[in-house]
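Read through the structure below, which is laid out as structure tokens, and then see the notes.
Rule-based calculations on the coordinates, nothing more; no lab input. In this text the structure is predicted, and so the values were computed from the model without any measurement. Please note: Cβ atoms are built from the backbone with ideal geometry, for glycine as well, and neighbour counts cover all protein chains shown.
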Amino acid sequence: MLITDDTIERAGRFLWTSGRVLEQRRFVHLFGAQGVQGVSDVEGSEVEHAPDGVLAALRAYQTPDGAYAYGLEPDVRGPLPQPATLRAAMPILAETDALHGPDVARLCDWLASVAGEGGGVPPA
């Protein structure tokens, strides 16, 4: 199947009307504002192609200890972080070039705090 500009525009329109804020911001970061023209962010300026919106949306799922929970990974909806949420957060942090930032440092600190002596983490 060929992915056309029309396909991307329709996907953007769908995500903007039905997706979580995180997916909306990821789409705009990765593909631009196709399909979401005229949509403004909270401050009223046009939605930007920058990773800042993605990181702000991701932080809504961050726990006080630096891990992630609250439905970032759809099967883990509660307030307690699990290894599955780490697997969901890392690709997002990578696509926004944030792997060397403070959010990842806090996430690694959390991971070290729950890892066993052999380095394993508890199952979800």
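Stretched out straight at 0.36 nm per residue, the stretch from GLU23 to HIS100 would grow longer than its current Cα-Cα span by 25.5 nm.
At full extension, MET90 and VAL121 could sit 9.6 nm farther apart than now, given 0.36 nm per residue minus the alpha carbon distance. Pull out a ≥ b ≥ c, the square roots of the eigenvalues of the alpha-carbon gyration tensor of segment 50-117, then state rounded if a/c is under 1.5, prolate if not and a/b is larger than b/c, and oblate in the remaining case. Oblate is the answer for segment 50-117, as a/c is 1.5 or above yet b/c matches or exceeds a/b. Label zone (ARG77, point 7 Å along Cα-to-C-beta; backbone nitrogen cut-off 16 Å) within segment 18-32: 20. Per-residue ellipticity at 222 nm computed for the chain from its helices equals -14500 deg cm²/dmol, with DSSP H segments shorter than 4 residues left out and the rest contributing -39,500 (n - 2.57).
Close amide H contacts of THR63 (hydrogens built in the peptide plane, cut-off under 5 Å, sequence separation of 5 or more or a different chain): TYR68, ALA69. Relative intensity of the chain on a log10 scale, I(q)/I(0) at q = 0.09, 0.10 Å⁻¹, equals -0.30, -0.37, per a Debye sum over C-alpha point scatterers of equal strength in the absence of solvent. Sequence-ordered 3J(HN,Hα) estimates for segment 13-29 from the Karplus curve with 6.51, -1.76 and 1.60 and θ = phi - 60° stand at 4, 4, 4, 6, 9, 10, x, 6, 4, 4, 5, 4, 5, 5, 4, 4, 4 Hz, glycine and proline given as x.
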